[in-house]
Amino acid sequence: TIKNMEEDRADLVSAIIKLKSSINELNQRGRERLLDAFNKVNRKFNEVFTKLFNGGNAKLELVDSEDPLEAGLEMLVSPPGKRLQSITLLSGGEQALTAVSLIFAIFLTNPSPICILDEVDAALDEQNVEKFCNILLELKKETKTKFLIITHHKFTMTSVDRVYGVTMAQKGISDIVSVDFKNIDYKEAV
């Protein structure tokens with residue numbers, strides 16, 4: 001009847017108001033958590049970038065929206081001797097080091113027990129591979145994480161505890177070779 005329908009309508013209106021209030025509360029908590037994580041990653045990003053580039057500055061900015069939940073992300077960096085600019089204006093090696101800086105910054109903010117890096121050093125020259133390996137060793141000590149690195153760089157291979165290689169002595173038959181650098185002279189093994 002009409003009284004039941006009015007009561008049902010009032011219940012629905014009340015439920016809608018409660019739902020909107022809950023959504024607003026969740027969004028507010030989400031914004032707070034996002035901004036907190038963003039600030040932590042931004043600080044670590046500058047720290048790692050400065051170590052990899054031996055100076056300079058790097059920062060992240062939220063762009064295209066006042067609401068952090070809808071904003072985009074831009075990386076602004078200035079390697080030593082260069083002005084602040086977008087990552088797209090850097091050389092390939094600088095872009096790779098900047099990306100590694102961001103990956104490691106996120107990782108340092110919330111480390112995991114294992115990290116897989118697939119040829120992240122591929123665009124780096126020998127000097128920058130050495131910087132990458134030094135930061136990687138720092139991360140290993142600081143986080144107790146096990147890193148699995150896929151690489152073709154000999155220097156990266158000599159910076160790790162163990163190397164696994166896949167060989168194909170006969171067509172279609174692969175074999176796995178392992179070298180433990182703790183027990184041998186690594187320079188002779190590579």
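The values are calculated or read from the model by the stated rules, or taken from the named source; none is laboratory data. In this text the structure is predicted, and so the values were computed from the model without any measurement. Just so you know, the surface numbers come from the protein's heavy atoms only, side chains and all, with ligands and any DNA or RNA stripped out. Shrake-Rupley method; radii C 1.70, N 1.55, O 1.52, S 1.80 Å.
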Please list, or write none, the aspartates and glutamates whose alpha carbon is within less than 16 Å of the alpha carbon of Lys44, excluding same-chain residues fewer than 8 places away.
-> Asp36, Glu61, Glu74, Glu138, Glu142
Want the number for Asp175 to Glu66: 0.36 nm per residue separation, take away the alpha-carbon distance, what's left?
-> 33.8 nm
Mind listing the phi-derived Karplus ³J(HN,Hα) values for the range 155-171, rounded to whole Hz, using 6.51, -1.76 and 1.60 with θ = phi - 60°, and x for any glycine or proline?
-> 5, 4, 4, 7, 8, 10, 7, 8, 10, 10, x, 10, 10, 10, 5, 10, 4
Under the Karplus relation 6.51 cos²θ - 1.76 cosθ + 1.60, θ = phi - 60°, what is the ordered set of whole-Hz ³J(HN,Hα) values for the range 100-112, x standing for Gly and Pro?
-> 4, 4, 5, 4, 5, 5, 5, 4, 5, 6, 8, x, 10
Using a 1.4 angstrom probe, figure out how much accessible area the range 26-66 has per residue, in square angstrom, rounded to the nearest whole.
-> 65
Between Asp36 and Asp125, what length comes free when the chain is fully extended (0.36 nm per residue of separation minus the Cα-Cα distance, one decimal in nm)?
-> 28.5 nm
Considering only DSSP beta bridges where both residues belong to the range 86-190, give the percentage that are antiparallel (nearest 5).
-> 60
Please give the per residue accessible area of the range 85-190, computed with a probe of 1.4 Å over protein heavy atoms only, in Å².
-> 63
Report the full-extension gain for the segment Lys146 to Ile17: residue separation times 0.36 nm, less the Cα-Cα distance, to one decimal in nm.
-> 41.6 nm
So, with a 1.4 angstrom probe, what is the percent of accessible area on the chain that is carbon and sulfur?
-> 54
3J(HN,Hα) from dihedral phi, the range 43-60, Karplus parametrisation 6.51/-1.76/1.60, rounded to Hz, x for glycine, proline = 5, 5, 4, 5, 4, 5, 4, 4, 5, 5, 9, 6, x, x, 9, 8, 8, 9
Number of Lys pairs (Cα under 23 Å; 8 or more positions apart or on different chains) in the range 96-190 | 19
